[in-house]
Amino acid sequence: LCVLASGGGHSAQLALVYPTVDLWGHCWEPALLKQRSDEFNRMGDQLRLAGYDFDILDDYAISSQSRIESGVLRTSTESFEALILPHVDAARLSTVRKMKDLFHSGGAVCFIGNLPRHSFENGSEDAQIQDAIRDLLGEDCYDRAARKETILVLGQPGKACFIPETEDAAVHLQTLLQPDLRCHEGLK
């Protein structure tokens, strides 16, 4: 086992974006921050129980310390098949652009709970971040998200989704990416 484990590096299926920009934007709203923190933790628990391996990456790691290769997001020590943005109102434009690059190279991206409208770089109602998300999910994605519709884009070159409820994240992600580990009833 030591020989098998000594080669290569860790390869988690999913990279979860740590929502730094959204936390800064809502720093004076402790109830909302607690709600989002609880959602983030529940989503992590769901993903683990569904058999997904994931790591949490901040905006700097995604935009400055990673590269896209053949549908995979790679850092110096890991690789990820999908990038997930949790429930946020604001994000870094550079992170959303990296999601777009991953999608266009054949990878998977997912937005959970909300689609960001604001960016760290350009402020409120940033047209650039909204255009990048529309490129991934379709022109009507903000209207569909407001109606709490699940959006699945399963085509070329990559896969993208919007999942309105955190509780449904693991179920809908299975249409984009099969988990590495599957437990059968009775084996838990």
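Read-outs throughout are calculated quantities, based only on the coordinates presented, and are distinct from any laboratory measurement. From a predicted model like this one, the values you see are computed outputs, not experimental measurements.
Side notes on the structure shown:
- Most mobile of Gly138, Gly107, Gly44 in a GNM of the chain (Cα contacts under 10 Å): Gly138
- Tensor-based shape of the stretch 43-94 (alpha-carbon gyration tensor, a/c under 1.5 rounded, otherwise prolate or oblate): oblate
- Cα centroid separation - the stretch 78-97 against the stretch 38-77, whole Å: 9
- If you wrap the tightest convex hull around every Cα atom of the chain and split its volume per residue, you get 132 Å³.
- Computed from Cα atoms, the angle from the helix 127-137 axis to the main principal axis of the chain rounds to 50 degrees.
- Computed over the chain, the per-residue total of -39500 (n - 2.57) for DSSP H runs of n ≥ 4 gives a 222 nm mean residue ellipticity of -10500 deg cm²/dmol, rounded to 500.
- Counting only DSSP beta bridges whose two residues both lie in the chain, roughly 35 percent are antiparallel.
- Acute angle (nearest 10 degrees) that the helix 93-104 long axis makes with the longest principal axis of the chain, alpha-carbon atoms: 50
- Helix 30-49 axis versus longest C-alpha principal axis of the chain: approximately 30°, rounded to the nearest ten.
- Computed on the chain, with alpha-carbon pairs under 8 angstrom and 6+ residues apart, the relative contact order is 23 percent.
- With the Kirkwood sum run over all distinct C-alpha pairs, the stretch 79-160 has a hydrodynamic radius of 12.6 Å.
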